[in-house]
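The values are calculated or read from the model by the stated rules, or taken from the named source; none is laboratory data. Quick caveat: nothing in here was measured; it's all calculated off a predicted structure. Ideal geometry is used to build each Cβ from the backbone, glycine not excepted, and the neighbour counts take in all protein chains shown.
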Amino acid sequence: MKYAIVIPDGAADSPIEELGGKTPLEVARKPNMDNVAMSGRIGTVRTTPPNFSAGSDVCTLCLLGYDPAKYHPGRAPLEAAAMGLKLAPEDWVFRCNFVTIVDDVMVDNSAGHITDGEARTLLEAVIKQIAPPGTGSPVIFHPGVSYRNLMTVNGGDFSRLATTPPHDIPDQPIKTHLPKGAGSQMLLDMMQKAHAVLKDHEVNLVRRQFGENEATDIWLWGQGRAANVPEFAQRFGKQGAMITAVDLLRGIANLLGWQNIAVPGITSYHDTDYAAQGRYACDALDHYDIVCCHVEAPDEASHQGDYATKIASIESIDQYVVGPILAKLQTFPEWRLLIMPDHATQCSTRKHHDAPVPFAMAGSQRKGAVPRPYT
Ligand SMILES: [Zn+2]
C-alpha cells in the first residue's frame, strides 16, 4: 500500500464577503481535489485539541496521529529536532529570540528580522558574556536563522517555569510576561547580562543609523526537554518521507524518524516551485510507504490577508502537486491519498483559527469510483 498526504498549510478559511460569501478553497479551480472529494470521502476534523492554540506544530502532529497532549514536546525541542540538535536526557532547551524592547515594551519579536550575519555576531558577544567556552558553563547557545536561536542548559529543573512567546505580546509591557517560577532567576540574570552587551553593540549602532529595529535583548521561552516521541515506523509499520520548505515540519519528520527530502526551489511563499515538489513527491513514492507533501504558501498568503494569492496557491497545489501524485498513485495496485490542511488561517484576521478543517481522501478499492487525475 502506498500513502500520500498533501497538506496545503492554512488553506481552510472562513467565508469572505468579496468572494460572494465563499471561502478561497470553494472559489479555487481545483479539478484534482474535486475528483478526490467526489469519488472518496470528505468531512471536517478537529486538529486543535482543547488548551492548545492552532499552529502547524500542534495541528500537524494531530494530523499524523500524534496526540499533542501526549507528544508535543514544546516549541524549542521541536526546533532542536529540526536543527538536528541531539539533546542529552538532562538537557533543557529554550528558544532564544533577539527582540526589540523599548521602554519595557515588546516592540518587535524579531528585532526587525535581523540578518543571519548580524545575529551571529551578536550571539557571539552574548556567549562571551554569559557562557564563555571552556569555563564549564552548562549553558550553550545555538545560532539559528535570523532572530531564532536556541539555548540549552545541561541540568536544572524548569518544569514549573512559565514563559511567554514574544509574538503573543506585541506592543505590550513586558513586565508581567517575564519568566516566572522555579529557575526564572537564572534566565532573568542572563537576559539582563545580554542586554548590557547588546545595548551599544556596533551592530545595533549601525541598525540605529539605518532606522532598523535593534536587537536590544534576548527573550527566552518555549522550553522543554528532549522529545519522547515513538517513531512512526514503530507505531504504524510504515516508512515515511516529508517534503517541506519549513523547519518546523522538518523537525516533526525527524521526530517521527522520517526522511526529509530536500527539493531545490521550494519556499514558504507562492514563488515556490510547485512542480518540483510534485515531481519529487512522485519519485519518493517509489521508495517510501508514505509521502507527506507540505506546502506553506496558502498560510503565508493568509497572513498577508491576500485571498487572491491564497486562491492561486491552492490552484497551483492542485495542478502541480495533487495532479501528478494522483496519477503516480494509480501506478500502484493499492494506494490512499489524503488532502487536508493542518489548520485554518483566516484572510480576514490574518491569524490561525482553530475551527475544524475539511479533508478529502480517496484510494484504490474503496467504495465508489477511483478518482482520475485531471488532464
Ligand atoms: Zn501560519
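Below is a table of values for the structure above.
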item	result
Residue in segment 179-186 that is in a helix (DSSP H, G or I) and of a type outside the set (A, V, I, L, M, F, W, C) present	yes
Qualifying positions in segment 103-128 - of a type outside the set (D, E, K, R) and farther than 12 Å from ALA215 by Cβ	VAL105, MET106, GLY117, ILE127
GLU18 being surrounded by fewer than 21 Cβ atoms within 10 Å (Cβ to Cβ), at pLDDT 90 or above and touching a Phe, Trp or Tyr at 6+ places or on another chain (Cβ under 9 Å)	yes
Of all residues making up segment 1-24, the number that are within 16 Å of the ligand (Cβ to nearest atom), more than 30 Å from HIS287 (Cβ to Cβ) and out of contact with any strand residue (DSSP E or B) (no Cβ under 6 Å at 6 or more places or on another chain)	1
Evaluation of MET361 against (1) more than 16 Å from the ligand (Cβ to nearest atom); (2) within 17 Å of the chain's Cα centre (by Cα) (one fails), failing number	(2)
Filter result (charged (D, E, K, R), more than 15 Å from LYS22 (Cα to Cα) and buried (at least 20 other Cβ atoms within 10 Å of the Cβ)) within segment 305-325	ASP318
Candidates SER268, SER302 - the one that is surrounded by fewer than 23 Cβ atoms within 10 Å (Cβ to Cβ) and small (Gly, Ala, Ser)	SER268
Residue satisfying all of: in segment 153-182; at pLDDT below 95 and at positive phi; surrounded by the most Cβ atoms within 10 Å (Cβ to Cβ) among these	GLY156
Residues of segment 56-89 satisfying the condition of being part of a helix (DSSP H, G or I), of a type in the set (A, V, I, L, M) and farther than 17 Å from ARG148 by Cα	VAL58, LEU61, LEU63, ALA69
Per-region count, segment 285-299, residues more than 26 Å from LYS2 (Cβ to Cβ) and either surrounded by fewer than 18 Cβ atoms within 10 Å (Cβ to Cβ) or aromatic (Phe, Trp, Tyr) (or both)	0
Matching entry among TYR307, TYR280, TYR269 (being of a type in the set (Phe, Trp, Tyr) and away from the ligand (no atom under 16 Å from the Cβ))	TYR280
Wholly within segment 212-292, helices (runs of 4 or more DSSP H) carrying at least 1 residues that are within 22 Å of the chain's Cα centre (by Cα), among the charged types (D, E, K, R) and on the phi < 0 side of the Ramachandran plot	247-256
Check on ASP57, touching a strand residue (DSSP E or B) at 6+ places or on another chain (Cβ under 7 Å), within 16 Å of the ligand (Cβ to nearest atom) and of a type in the set (Asp, Glu)	no
Scope segment 35-55; condition outside any loop (DSSP other than H, G, I, E, B) and buried (at least 16 other Cβ atoms within 10 Å of the Cβ); matching residues	ASN35, VAL36, ALA37, SER39
Hits in segment 343-354 - residues which are near the ligand (Cβ under 9 Å from one of its atoms) and crowded, with 18+ Cβ neighbours inside 10 Å	HIS343, THR345, HIS352
Filter result for MET106 (touching a residue at least 12 places away in the same chain (Cβ under 8 Å) and within 23 Å of GLU296 (Cβ to Cβ))	no
Qualifying positions in segment 56-86 - at pLDDT 90 or above and on the phi > 0 side of the Ramachandran plot	GLY65
Unique match (being in contact (Cβ under 8 Å) with a residue 40 or more places away in the chain, of a type in the set (Asp, Glu) and within 19 Å of ILE130 (Cα to Cα)) among ASP189, ASP200, ASP217, ASP171	ASP217
Members of segment 295-341 that are β-branched (Val, Ile, Thr), in contact (Cβ under 8 Å) with a residue 60 or more places away in the chain and not in a strand (DSSP E or B)	ILE311, ILE314, ILE317, VAL321, VAL322, ILE325
